[in-house]
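Reviewing the structure listed below.
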Amino acid sequence: MKTAVAQRRGSRNRALATAAIACGLTLSAGAQTITYPDEFATPIPLLGEVLGDFHFPISSTSPVAQQYFDQGMQMMYAFAKPEASRSFREAQVADPDCAVCYWGEAWSWGSYLNGAMTTAEAPRAYAAMQKALALVDTASPLEADLIHSLEARYVPDYDPESRRDQDQDYADALAELTRKYPNDLNVATFYADALFLLEERRGYRRLEDPNVIRLHGVLESVLARDITHPGACHLYVHATESTPTPELAAPCAEFLGSSIPGASHINHMPSHTWNEMGLWEEAVRANTLAWHSDQKAAIGAGVAIYPTHNLTMLYYAASMGGASAASIQAAKDLAKLNGNSAMHAMSLVRFGRFDEALALDSLPNGDVNRSMYQFAKGYSALKEGDRDQAASVLAELLELTETTTARFRFHEGKNIIGALAGILDGEMKWQAGNVEAAAEAFRRATRYYDSLNYDEPEPLPFSPRHWLGAAYLELGAYDAALAEYTLDMDDHPHNVWSLFGANAALEGLGQDASAYTAELDAALEFADIWLPSSKL
């Protein structure tokens, strides 16, 4: 089966195939040498305990090729691209005539949800596809169709800036395959992956968007038949996390973290759902398991995938859940791993360890990271009685809010810095006895904070509403306090700080707080701190 686009390109690709294969590591188009990462000089072993029981039967008679193919599939479903490519390479070594093993390598070099195919990867993908095409007559019908689907995806003159045409053609090819193989869950998962590549990766998703409806429908069709499918569940978590209903992924997320036991990104992925649902303890557990797999990689018992992301999610979830030891340790490990002390400083401020924050002596790079670090220093100095240092830091933050052009991941840096400046300004005004002015500063911080984009994790481990609500409590404006804490729990369900504040607001109003009290008591069973306020 071929799409019309693939048929148009087929003759051109086949004309290049023989030359490309004969040249080994050289593309015939433009005579571009294909290079591979250094680790490709060493065979990847079968990963044993790292893997789950996922199986994708292929037509090879080699048991070793089948094992490596299954490993490559699992690594790609875990977003471990280099390990996937190396695994498919070893499947080819075990069975040089295995056409689908070359398809696997070509597939693994392509664009995926977290990044477009690079100009270094494109020649590798194209060469592997040509080898698969040269062997396609030995493939099963399904394998042959998968190989031909890549003809719509890979071109010899790849340009990342104009890849949308190939992505659309590839999605169209896979749409045809899903109709031809309606019971094949992996084909449906490949189609969902192709659809996702046509969407903006970041930002909020509307459930009524036709593209979201289609994407969810494809993934839900897989999960309705196999709730444990690692590839479909991984994508479904991402497809639902930024919608109003992230809990849709909860049933499969229950299984996802252990589906590929030693792949850290798979261990971590349920936390995207748990964070959105406010299940902070579960999120901490998922990212702790991921960090363990990252460390086990050193002895071959795990695969490290995005270790800094795993630690950042751990620090954030523990912060919202009131687990100071887990949050601070994750931030310390993160600083060791990437040399960035900003999160360590922020975690110390979140939990009131002001003397420890002042003892830090490693200023990070970049406007936003430096601002986080300096905010922590200034806030801690204020709490320790040094108002002059706090004022100096505040002046820097206010100026940067107006002048910076920096970005932090997917956010304008000014919104993060402005939120921090507002918190520090408000705390200084509160200490000076002007709580009304403090509340206004916290409102300003909240406006900046509300301008941030969707992100996992969010760039700050706390919300300015934790300060604004506390100011309203101090002013006796209990209705306003309750409103702010409720808004915060809409974004961060069950977070211990707003639960504490909401209880105080209801008590101030003389209303029944039993529901919130029970929820707070449950949250405090996980927390390891005593709370005098929603801010420290």
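The values are calculated or read from the model by the stated rules, or taken from the named source; none is laboratory data. The structure displayed is predicted, hence computed values, not measured ones. A quick note on method: Cβ atoms are made from the backbone with ideal geometry, for glycine too, and the neighbour counts reach across all protein chains shown.
Numerical summary
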| item | result |
| --- | --- |
| Qualifying residue in the stretch 411-429 (condition: of a type outside the set (Phe, Trp, Tyr), at pLDDT 95 or above, touching a helix residue (DSSP H, G or I) at 6+ places or on another chain (Cβ under 7 Å) and not in a helix (DSSP H, G or I)) | no |
| Matching residues, the stretch 449-463, being within 26 Å of Ser324 (Cβ to Cβ) and not charged (D, E, K, R) | Tyr449, Leu452, Pro457, Pro459, Leu460, Pro461, Phe462, Ser463 |
| Residue that is nearest to the chain's Cα centre (by Cα), among those in the stretch 44-98 that are at negative phi and among the aromatic types (Phe, Trp, Tyr) | Tyr77 |
| Helices (runs of 4 or more DSSP H) contained in the stretch 1-95 and holding at least 2 residues modelled with pLDDT of 95 or more | 63-77, 81-94 |
| Set Val284, Val303: member being touching a residue at least 40 places away in the same chain (Cβ under 8 Å), β-branched (Val, Ile, Thr), closer than 30 Å to Leu520 by Cβ and surrounded by 24 or more Cβ atoms within 10 Å (Cβ to Cβ) | Val284 |
| Only one of Glu90, Glu105 that is surrounded by fewer than 24 Cβ atoms within 10 Å (Cβ to Cβ) and either more than 25 Å from Val136 (Cβ to Cβ) or among the charged types (D, E, K, R) (or both) | Glu90 |
| Residues within the stretch 378-396 that are surrounded by 22 or more Cβ atoms within 10 Å (Cβ to Cβ) and of a type outside the set (Val, Ile, Thr), tallied | 6 |
| Condition broken by Glu161, with the remaining ones in (1) assigned to a helix (DSSP H, G or I); (2) touching a helix residue (DSSP H, G or I) at 6+ places or on another chain (Cβ under 8 Å) satisfied | (2) |
| Within the stretch 191-206, considering residues that are touching a residue at least 60 places away in the same chain (Cβ under 8 Å) and either basic (Lys, Arg) or assigned to a helix (DSSP H, G or I) (or both), the one surrounded by the most Cβ atoms within 10 Å (Cβ to Cβ) | Asp193 |
| Thr178 being closer than 24 Å to Glu83 by Cα, modelled with pLDDT of 95 or more, among the β-branched types (Val, Ile, Thr) and out of contact with any strand residue (DSSP E or B) (no Cβ under 6 Å at 6 or more places or on another chain) | no |
| Elements of type helices (runs of 4 or more DSSP H) contained in the stretch 207-282, each with 3 or more residues being in contact with a Pro (Cβ under 7 Å, 6 or more places away or on another chain) | 270-277 |
| Residues located in the stretch 288-335, provided they are under 18 Å from the mean Cα position of the chain (by Cα) and outside any helix (DSSP H, G or I) | Val303, Ala304, Ile305, Tyr306 |
| Leading residue by the ranking (modelled with the lowest pLDDT) among those in the stretch 378-410 that are among the charged types (D, E, K, R), outside any helix (DSSP H, G or I) and within 18 Å of Pro364 (Cβ to Cβ) | Arg409 |
